[in-house]
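Each remark here refers to the structure printed beneath this line.
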Amino acid sequence: MKVVLLAGGKGSRLGNLTDTLPKPLIKIGGKPILWHIMKTYAYYGFKEFIICTGYKSSLIKSYFFHYNTHKNDFTINLANSEIAFHNQASEDWKVTLIDTGLNTHKGGRIKRIEPYLDSDTNMLTYADGLADINIKDLLHFHEHHGKLITITGVSRDSKFGEIIEKNNKVLTFEEKPNNSLINGGFMVFNKELLRRLTENSEFERKVLKELAAQGEVMVYKHYGNWACMDTYKEYLSLNALWDNKDAFWKKW
């Protein structure tokens, strides 16, 4: 089972923070938000990741390519480039990085990583959302309802589209929310979803709406904490939580 992270957007609402870095590499407590999200999944035992890159893709690739050299002390033999790490502190993750295009819609990004998905069930999330969600409970919910995709519904005063649901079945999505449930990411999908996608698919506005109309979208309601880093104010807030040791998402 793979965890797919949509990390291709620029994050223009973060101001000049994303002039030099892609949004997933903006740091909370000295670590990229992408790392924090991956740590949440790894805590529950899901350690195989596929990262869909786009804006400043090379920087995300470079971060993981040089991950061990940044994290550890080492000796390098310049004659043959052999490296001996001294403290060897690392993560037991397998990370696949795929450049899915600069301006590709989210559905298109998912379609482009199809060759790397070999399990019938996989996970999917955005690279800017954090939660104290129980990933195993989410997966259990998905495996028992028999529908194509599960999204996680979170409550927030929001500019994002509202989920209209009944008995956990998503009926539709409203463009003008009434501050009820919104899609907080942390999704689970069956491989059949890939047949519904093209390399130009709009995921939320088209694919999810169509699947909801067909009764194929369920919502796992998360009543705990959730936040995203969409604006500079949210960036400051998340860093303040970390600095004050109030990072609700930190389980490790």
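Here are the numbers:
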| read-out | value |
| --- | --- |
| Test: residue in the range 161-180 that is of a type in the set (D, E, K, R), surrounded by fewer than 20 Cβ atoms within 10 Å (Cβ to Cβ), at pLDDT below 95 and within 24 Å of Ile33 (Cβ to Cβ) | no |
| Verdict on Ile133 being in a loop (DSSP other than H, G, I, E, B), at pLDDT 95 or above, of a type in the set (A, V, I, L, M, F, W, C) and within 18 Å of the chain's Cα centre (by Cα) | yes |
| The range 40-69, subset of a type in the set (S, T, N, Q) and part of a helix (DSSP H, G or I), residue nearest to the chain's Cα centre (by Cα) | Thr40 |
| Any hit, the range 25-39, residues being assigned to a helix (DSSP H, G or I), closer than 26 Å to Ile113 by Cα, among the β-branched types (Val, Ile, Thr) and touching a residue at least 60 places away in the same chain (Cβ under 8 Å) | yes |
| Those residues of the range 196-224 which are more than 12 Å from Gly107 (Cβ to Cβ) and either part of a helix (DSSP H, G or I) or among the charged types (D, E, K, R) (or both), in sequence order | Ala212, Ala213, Glu216, Lys221 |
| Flag if Gly54 is closer than 18 Å to Lys233 by Cα and among the small types (Gly, Ala, Ser) | no |
| Subset of the range 192-243 [of a type in the set (Val, Ile, Thr) and surrounded by fewer than 19 Cβ atoms within 10 Å (Cβ to Cβ)] | Thr198, Thr231 |
| Ala7 vs. criteria surrounded by 15 or more Cβ atoms within 10 Å (Cβ to Cβ) and touching a Gly at 6+ places or on another chain (Cβ under 8 Å) | yes |
| Inter-residue pairs, beta-carbon under 7 Å, first more than 14 Å from Leu236 (Cβ to Cβ) and in the range 10-22, second of a type in the set (Ser, Thr, Tyr) and buried (at least 18 other Cβ atoms within 10 Å of the Cβ), 6+ apart | Lys10/Thr18; Lys10/Tyr55; Gly11/Thr18; Ser12/Thr18; Pro22/Tyr55 |
| Single match in Ala247, Ala227 (criterion: in contact (Cβ under 8 Å) with a residue 12 or more places away in the chain and either in a loop (DSSP other than H, G, I, E, B) or over 30 Å from Arg112 (Cβ atoms) (or both)) | Ala247 |
| Top-ranked residue in the range 1-24 [being touching a helix residue (DSSP H, G or I) at 6+ places or on another chain (Cβ under 6 Å) and in a helix (DSSP H, G or I); ranked as farthest from Thr96 (Cα to Cα)] | Gly15 |
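The values are calculated or read from the model by the stated rules, or taken from the named source; none is laboratory data. Please read these numbers as outputs of a predicted model, since none were measured by experiment. For neighbour counting, all protein chains shown are included, and Cβ atoms are generated from backbone atoms with ideal geometry for every residue, glycine included.
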